[in-house]
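A quick write-up on the structure given underneath.
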Amino acid sequence: MAHLRTRRRHALLAVPVGLALTASLGFLPGAATAAPQGTFAVQAPVTTDGPQLSYVVNTDTARGTVAKVKKAVTQAGGSIVAVYDRIGVIVAHSKNPDFGKTLRAVPGVTSAGATRTAPLAPAATTDVGKPEKVKLPKALAQSAARSATAGAEPLEGLQWDLAAIKADKAAKVNPGSRNVTVGVIDTGVDDTHPDLKPNFSRSQSASCVTGKADTSPGAWRPFDPAEDYHGTHVAGSIAAARNGVGVAGVAPGVKVSGIKVSQDKTSLFYAESVVCAFVFAADHGIAVTNNSYYVDPWLYNCDDDPDQKAIRESVGRAAKYAQDKGTINVASAGNSAHDLAAKEITDTTSPNDTKPLPRKIDPSKCLDVPAQLPGVVTVAATGVKSLKSYYSNYGQGQIDVAAPGGDRYQVPGLPAKDGRILSTMPGGDWAYLQGTSMAAPHVAGVAALLKSTHPKSSPQELQWLLKAQADNPGCPTAYDPDGDGKIDATCVGNQHVNSFYGYGIVDALDAVQD
């Protein structure tokens with residue numbers, strides 16, 4: 001699960017649940033010739049003795065072109081999984097080792113490539129059984145009682161992050177509209193959790209794991225609640241209900257949905273699943289998507305590699321489709337402490353589904369997808385001291401806004417005494433996590449509040465408001481979060497826009513007042 005923003009390197013510190021608050025063509029490559037009248041000829045049998053891989057094939061959106069490319073996919077030894085004709089993306093499986101190369105030679109195809117380096121595994125069931133709720137540890141009972149007496153949620157006294165962006169005050173003005181739904185594109189969401197059940201939208205939830213939406217009951221739930229807890233934690237930060245149970249979300253009055261895109265057992269997020277998720281969100285009236293991951297298996301996708309180019313193009317088309325339909329997409333910036341505006345970055349983790357091969361990349365040409373796609377709100381993480389989290393990526397012109405993601409070096413006082421983010425876990429539990437995975441849902445929640453306040457605003461207008469209302473702490477004089485005397489990163493920019501915080505830390509109270 002190296003792709004999840006909370007799980008990259010040292011950035012994940014999950015408290016165990018029991019402790020954490022209970023804590024294209026059918027021709028051989030090189031042998032193709034164009035047949036008369038724009039058709040394609042098969043000159044030899046297609047080889048299908050390779051590993052079965054999943055591919056994305058990107059075409060223009062003309063009906064005739066899509067039809068011809070679909071035929072070419074079949075002729076090249078591929079089977080079609082899904083066709084997103086409105087954005088010109090075809091998802092296919094093939095054992096033909098030259099499938100991508102063959103399809104790239106088909107007229108009308110702009111790019112085509114494998115979405116993974118590991119063979120496809122058999123699909124697993126989406127039935128995760130009945131969640132088991134864990135009781136609140138006795139050590140937290142007194143804190144919970146104090147919070148409840150003060151009119152807050154039982155565990156709200158441990159949520160320093162809500163006060164950091166004034167979400168606690170915003171909830172008293174406007175907790176968000178039921179007409180606004182935030183789609184959590186992630187490992188699945190446990191909709192039976194008592195903090196999530198009141199706000200969960202089943203009609204806007206699905207599994208996109210195969211690249212084709214499955215809306216059968218429960219398909220959106222985690223494969224393994226013990227391992228695939230990421231999406232449930234994210235969902236709670238966005239919209240945990242103020243119902244006298246557990247924690248509160250940034251926008252406790254809006255609805256939340258789950259769009260599962262992670263593979264069973266590996267929890268990898270492949271392009272075809274993410275394409276499906278963005279299209280599903282757009283077609284089902286989802287106002288905001290939260291994307292706390294990067295598309296596997298490449299940390300950065302470079303255009304000079306045909307597979308990576310196809311991944312970047314297909315996901316980019318799907319994200320733009322969602323934006324054009326009125327969805328604002330929010331994504332985490334990443335946990336590698338990389339300067340995304342640097343001239344060169346060393347990537348030691350790609351591909352993460354087989355054997356990583358260290359490489360040096362130019363971040364201006366090789367993008368983190370979906371975080372660096374045009375129009376996507378890119379979010380850096382901060383701690384309780386409003387300082388950039390030690391793990392968070394940064395970069396001048398690369399970060400839009402920042403939000404609480406937690407930091408083990410920035411620790412609040414009582415009662416929390418934990419610098420990470422507390423939220424919901426499968427089975428009715430709660431736990432602490434840290435990462436830009438936790439920062440993005442705070443921004444998604446504020447975006448949902450803005451959409452509630454300005455229901456007719458476009459994604460571009462909402463993004464402008466996020467930036468205009470953000471509070472920028474400015475560049476620190478010396479950035480040494482672990483206190484070892486070594487400067488860990490250099491912030492550039494000014495009080496209004498800089499490489500650590502973009503336009504600043506989002507403000508939930510402003511979102512419901514303006």
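Some notes on this structure:
- Single condition ALA114 does not satisfy, out of (1) in contact with an Asp or Glu (Cβ under 8 Å, 6 or more places away or on another chain); (2) open to solvent by 40 Å² or more (accessible area, probe 1.4 Å): (2)
- Of all residues in segment 221-249, exactly one satisfies the criterion of being crowded, with 24+ Cβ neighbours inside 10 Å, of a type in the set (Val, Ile, Thr) and part of a loop (DSSP other than H, G, I, E, B), namely VAL247.
- Considering residues of segment 118-174 that are of a type in the set (Val, Ile, Thr) and at pLDDT 95 or above only, the residue farthest from ASN301 (Cα to Cα): VAL173
- Scanning segment 464-480 turns up at least one residue that is out of contact with any strand residue (DSSP E or B) (no Cβ under 9 Å at 6 or more places or on another chain), more than 25 Å from ASN199 (Cβ to Cβ) and part of a helix (DSSP H, G or I).
- Hits in segment 385-407 (condition: under 28 Å from ALA226 (Cβ atoms) and buried (at least 24 other Cβ atoms within 10 Å of the Cβ)): SER389, TYR391, SER392, ALA403, PRO404, GLY405, GLY406, ASP407
- Between GLY218, GLY211, the distinction of being in contact with a helix residue (DSSP H, G or I) (Cβ under 7 Å, 6 or more places away or on another chain), assigned to a loop (DSSP other than H, G, I, E, B) and on the phi > 0 side of the Ramachandran plot belongs to GLY211 only.
- Residue match in segment 253-273 (condition: in contact with a Phe, Trp or Tyr (Cβ under 9 Å, 6 or more places away or on another chain), under 15 Å from ILE328 (Cβ atoms), in a loop (DSSP other than H, G, I, E, B) and open to solvent by less than 10 Å² (accessible area, probe 1.4 Å)): no
- Single residue of ALA20, ALA41 found to be buried (at least 17 other Cβ atoms within 10 Å of the Cβ) and at pLDDT below 95: ALA20
- Counted residues, segment 461-514 - those being modelled with pLDDT under 95, more than 16 Å from TYR394 (Cβ to Cβ) and open to solvent by less than 40 Å² (accessible area, probe 1.4 Å): 0
- The number of residues in segment 341-366 that are closer than 21 Å to TYR501 by Cβ and either outside any loop (DSSP other than H, G, I, E, B) or in contact with a strand residue (DSSP E or B) (Cβ under 7 Å, 6 or more places away or on another chain) (or both) comes to 2.
- Condition met for ALA331 (open to solvent by less than 30 Å² (accessible area, probe 1.4 Å), closer than 16 Å to LEU462 by Cβ, touching a strand residue (DSSP E or B) at 6+ places or on another chain (Cβ under 8 Å) and of a type in the set (A, V, I, L, M)): yes
- Scanning segment 408-426 for residues that are open to solvent by 10 Å² or more (accessible area, probe 1.4 Å) and modelled with pLDDT of 90 or more yields ARG408, TYR409, VAL411, PRO412, ARG420, PRO426.
- Positions within segment 44-58 being in contact with an Asp or Glu (Cβ under 9 Å, 6 or more places away or on another chain), β-branched (Val, Ile, Thr) and either at pLDDT 95 or above or assigned to a helix (DSSP H, G or I) (or both), in sequence order: VAL56
- Selection within segment 288-309 - open to solvent by 10 Å² or more (accessible area, probe 1.4 Å) and in contact with a Gly (Cβ under 7 Å, 6 or more places away or on another chain): PRO306, ASP307, LYS309
- Within segment 47-82, being of a type in the set (A, V, I, L, M), under 19 Å from PHE269 (Cα atoms) and open to solvent by 20 Å² or more (accessible area, probe 1.4 Å) holds for LEU53, VAL81.
- Given (1) out of contact with any Ser or Thr (no Cβ under 6 Å at 6 or more places or on another chain); (2) crowded, with 21+ Cβ neighbours inside 10 Å, number of the condition SER452 does not satisfy: (1)
- Residue among THR477, THR436 that is under 16 Å from LEU387 (Cα atoms), of a type in the set (S, T, N, Q) and in contact with a Gly (Cβ under 8 Å, 6 or more places away or on another chain): THR436
The values are calculated or read from the model by the stated rules, or taken from the named source; none is laboratory data. As the structure is a prediction and not an experimental result, all values here were calculated from the model. A quick note on method: Cβ atoms are made from the backbone with ideal geometry, for glycine too, and the neighbour counts reach across all protein chains shown. Note: accessible area is taken over every heavy atom of the protein model, side chains too, but ligands, DNA and RNA are not part of it. Shrake-Rupley method; radii C 1.70, N 1.55, O 1.52, S 1.80 Å.
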